[in-house]
1. Based on the Cβ-Cβ distance of T121 and A55, what FRET efficiency does E = 1/(1 + (r/R0)^6) give at R0 = 25 Å, to the nearest 0.05?
2. State the answer as a single residue: which of H144, G31, V209 lies farthest towards the positive end of the charge dipole of the chain, with beta carbon charges of +1 for Lys and Arg and -1 for Asp and Glu, about the Cα centre.
3. If r is the Cβ-Cβ distance from K106 to D45 and R0 is 25 Å, what FRET efficiency results, to the nearest 0.05?
4. Bins of 5 Å, beginning at zero and ending with the bin holding the largest distance: percent of Cα pairs per bin for region 97-225, please.
5. Could you list, in their original order, any pairs among K109/K145; K51/K167; K109/K213 whose Cα atoms are separated by more than 27 Å?
6. Listing D129, D96 from the residue with the fewest other Cβ atoms within 10 Å to the one with the most, what is the order?
7. Picking from T77, T11, T26, which is most flexible by a Gaussian network model of the chain using Cα springs under 10 Å?
8. Calculate, in nm to one decimal, what S132 and E69 gain on full extension: separation in residues at 0.36 nm each, minus their alpha carbon distance.
Amino acid sequence: MLAKVFTPETTGKIIASVRAQSEVATAERLGADMVELRLDLMGGDPRTIGKEARAATDLPLIATIRSREQGGEFAGTNNEWAHAASAVLPYVDFLDCEVQYHAFAKIAKNAGVCVIASYHTGEMPLARDLKSLTTVLRSYGSIHKVVVGVRTQQDAITLMKYTNVTKKPVITGVMGSQFRQLRAILPLFGSAAVFCHVGDPAAEGQYHVTEIKEVYRLLGMAVGESSECYGAAGTREPI
């Protein structure tokens, strides 16, 4: 299934991170734009999870196997990660791919799956380090995702500025509950999506889908209106 979701102008797509198969249909019912399958949290066979999720919704699906080093539960080898990713590829539109798994990106793209090149850290990188990181992520991903630990107001300003000036499309966010408000307002500065939950949060600090929708309504935010994905097989080259 060819993903048609992100352009450089996209902001604030609501992505429901699910950790149970039953939450997939709930995400669609509550108005999420996309569903992230947190395979590292769901357990079970990735192929079965992907097949059942695809049957449950027509929303674009993201497969994520988050490593423990970057805040998830996957603790296997690179080969084990690749095996799990290969199993779910036929059923998803996007694959989250950390730097350590970047060699798999070409396989995903050849299968028509958009690659979200991601980096998660509990620290706040310096602005120059964020710039270098972006170069690495864009070298193999069609979209880059940077989630950092924000501890001070200056950190928050650095992240908002980075979101505003970096190449688009980009997804930015924060680790943990401190400064979780940034999750809701980063789309104002250009973040293409915000990750939420519809059951148990997949990450500390996530808002419920209904809460984010209410924030958007109160702020009059026009978000999530794009129609084309960059970087999947058969579409434009990665930007």
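1. For T121 and A55, the calculated efficiency is 0.10.
2. Farthest towards the positive pole: H144.
3. Values: r = 24 Å, r/R0 = 0.98.
FRET efficiency, K106 to D45: 0.55.
4. Per 5 Å bin, starting at 0, the Cα pair percentages come out as 2, 11, 20, 22, 20, 15, 8, 2, 0.
5. Details: K109/K145 17 Å; K51/K167 33 Å; K109/K213 31 Å.
Check vs 27 Å cut-off fails for K51/K167; K109/K213.
6. Values: D129 11, D96 27.
Ascending number of Cβ neighbours within 10 Å: D129, D96.
7. T77
8. Values: separation 63, 0.36 × 63 = 22.68 nm, distance 1.98 nm.
Working it through step by step, the gained length comes to 20.7 nm.
Read-outs: derived from the displayed coordinates by stated rules, not from any lab. Everything quoted here is computed from the prediction, not taken from an experiment. All Cβ positions, even for glycine, are placed from backbone atoms using ideal geometry, and neighbour counts span all protein chains on display.
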